[in-house]
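The values are calculated or read from the model by the stated rules, or taken from the named source; none is laboratory data. Keep in mind the model is a prediction, meaning the values are calculated, not measured. Positions of Cβ are generated from backbone atoms using ideal geometry, with glycine treated the same way; all protein chains shown enter the neighbour counts. Ligands, DNA and RNA are excluded from the accessible area calculation, which covers all protein heavy atoms including side chains. Shrake-Rupley method; radii C 1.70, N 1.55, O 1.52, S 1.80 Å.
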Amino acid sequence: MSSVMRGRLPRYECHKEVSAGQITGLEFNNERVTLLLENENVRIEVDHEWAKKHNVQIGGYYVVYDDDYASFSPKKPFESGYTRKAVTSINVLPIPRG
């Protein structure tokens, strides 16, 4: 997009909360692409069309929105628009008795 067009469009600030993981590796097979995420043992399988459509690359982020829509974001735009939230509480389930 040209800077002229960008100057004519309204500006927006992101305020969404998402779930995301940085992609550290990619595995390809005939039918699927496996995204290896920074979190240990997290592997997401997507089809080749999805990976091609989103131009998935190592270093970028696999992003899931609250409505379960999954997308890819390159590293620089993601990290300039989102800040990782600190874990402030953990849900602990009661121990069954009986």
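Residue check: is VAL46 modelled with pLDDT of 95 or more, open to solvent by less than 90 Å² (accessible area, probe 1.4 Å) and either on the phi > 0 side of the Ramachandran plot or in contact with a helix residue (DSSP H, G or I) (Cβ under 8 Å, 6 or more places away or on another chain) (or both)?
no
Going by the structure shown, is PHE78 at pLDDT 95 or above, closer than 30 Å to GLU13 by Cβ and aromatic (Phe, Trp, Tyr)?
no
Tell me, yes or no, whether the stretch 50-66 has at least one residue that is assigned to a helix (DSSP H, G or I) and surrounded by 14 or more Cβ atoms within 10 Å (Cβ to Cβ).
Within the stretch 50-66 (the criterion being assigned to a helix (DSSP H, G or I) and surrounded by 14 or more Cβ atoms within 10 Å (Cβ to Cβ)), the answer is yes, since at least one residue qualifies.
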